[in-house]
Amino acid sequence: MKENDPLFLEQFTNSSEYPLLNPETNAYKDLIKKLRNDLEVKGCAVLKSFIKAEWHDKIEQQGEQVAPQAYYKQETVNAYNVPLDADLPDDHPAKITMQRENAFVARDLIPETDIIHQLFNNALFSRFLADCFQYEKLYQLADPLAGLCLNVLNPGCAHPWHYDINEFTVSLLTKKSEKGGDFRYSPVIRTPGNENLEAVKEILLNGNTPHPKVNDISLEVGDLQLFKGRYALHHVSPVEGKSQRHTAIFAYTLEPGVIGGVERTKQLFGRSLEAHEKAEREKVRADELLD
Ligand SMILES: O=C(O)CCC(=O)C(=O)O
Ligand SMILES: [Fe+2]
């Protein structure tokens, strides 16, 4: 990670509204206060037009360049990404299955010079995120494929209900679908000590249409989204119209060195690396939840 790259932030981000360059100022502190409040109250905070408007076409084009390399494998999954034949009671929500239709472009296929990759590697950006999430420090998810990826949804496709493997997720819409493709989530539906299975099941069964426990957000290109995805069940509704929908997903953890398991990595990217095998042997896990 670069120690300091103020020029990048100055050039590409809306630094007058989002003063990441000046963490000592009141404007910065006020912003953090507002975002913390949004995260606490809504489980989610959106920074509209975080990327300057003049770069919106560029981030869209850079995404379009790599999108053809996304790994597609439509498969039947459950919200916990545990095996469908896992030894769980028949009425467990993990027994509710869905089709996974989204595709990911892995970090090692996204040029380091791309705006999203530079943003991920920017030390002031991760410091800002740590401030928002109220941690001393955040680490990039050390996974060489999943740390940063572009999530690609084709017309007609949805991203099924799930939790994220990392504590927090930060994402940036780089291409908007013509219609549909809404990010929808149920904040704090589970906690580290409680899966809250009944409520989860109810959402899996009834949450695809407007639901009192499900919030809907519609993002524009260049919007940055901060999200507590380990505890909030979430999905992206089916993309309608002719265009794909792309989001850059930036993943962070509280401990350094966290890498996904071999099974899930292959599920998402069609391959795994030596780093995943090694991590599985050593099991660096942040918590004891199912997935
Ligand atoms: O594409 C999005 O907006 C969210 C995707 C997501 O939830 C994920 O990749 O974990
Ligand atoms: Fe997610």
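Please list, in chain and number order, the residues 5+ apart from Lys175 or on another chain whose amide H is under 5 Å from its amide H, with Hs placed from the backbone.
Hits under the 5 Å cutoff: His246.
Using just the helices of the chain, give the 222 nm mean residue ellipticity in deg cm²/dmol: DSSP H runs with n ≥ 4 each add -39,500 (n - 2.57), and the total is spread over all residues, rounded to 500.
-8000 deg cm²/dmol
Under a point spin-label approximation (7 Å from Cα along Cα-to-Cβ), what is the Asp108-Arg127 distance to one decimal in nm?
3.2
Excluding Asp30 itself, what net charge comes from residues whose Cβ is under 14 Å from its Cβ, given Lys and Arg +1 and Asp and Glu -1?
Taking every other residue near Asp30 into account, the sum is 0.
Give me the percent relative contact order of region 6-279, please, defined on Cα pairs under 8 angstrom at least 6 residues apart.
Values: 558 pairs, mean separation 71.0, N = 274.
Normalised by residue count, the contact order of region 6-279 is 26 percent.
By per-residue mean of other Cβ atoms within 10 Å, what is the highest-first order of 238-248, 94-104, 167-177?
On the way: 238-248: 20.5, 94-104: 18.1, 167-177: 23.6.
The peptides rank, most packed first, as 167-177, 238-248, 94-104.
Local charge sum around Ser243 (other residues, Cβ-Cβ under 11 Å, Lys/Arg +1, Asp/Glu -1)? Mind showing how you got there, number by number?
Details: positive: Lys175, Lys176, Lys179, Lys242, Arg245; negative: Glu60, Glu64, Glu178, Glu240.
Combined, the nearby Lys, Arg, Asp and Glu give +1.
I'd like the Karplus ³J(HN,Hα) series for region 230-244: coefficients 6.51, -1.76, 1.60, θ = phi - 60°, whole numbers in Hz, and an x wherever there's a Gly or Pro.
6, 10, 10, 5, 8, 8, 10, 5, x, 6, 10, x, 9, 8, 6
Please work out the Cα center distance from region 176-197 to region 233-277, rounded to the nearest Å.
Going from one Cα centre to the other spans 16 Å.
Taking K and R as +1 and D and E as -1, what net charge do the other residues with C-beta under 13 Å from the C-beta of Ala94 add up to? Kindly include the intermediate steps, with their values, before the conclusion.
Details: positive: Lys95, Arg190, Lys201; negative: Asp85, Asp87, Asp90, Asp91, Glu195, Asp291.
Residues near Ala94 contribute -3 overall.
Laboratory data are not the source of any read-out in this text; all were calculated from the coordinates shown. Not measured: the values here are computed from a predicted model. Cβ: placed from backbone, ideal geometry, glycine included. Neighbour counts: every protein chain shown.
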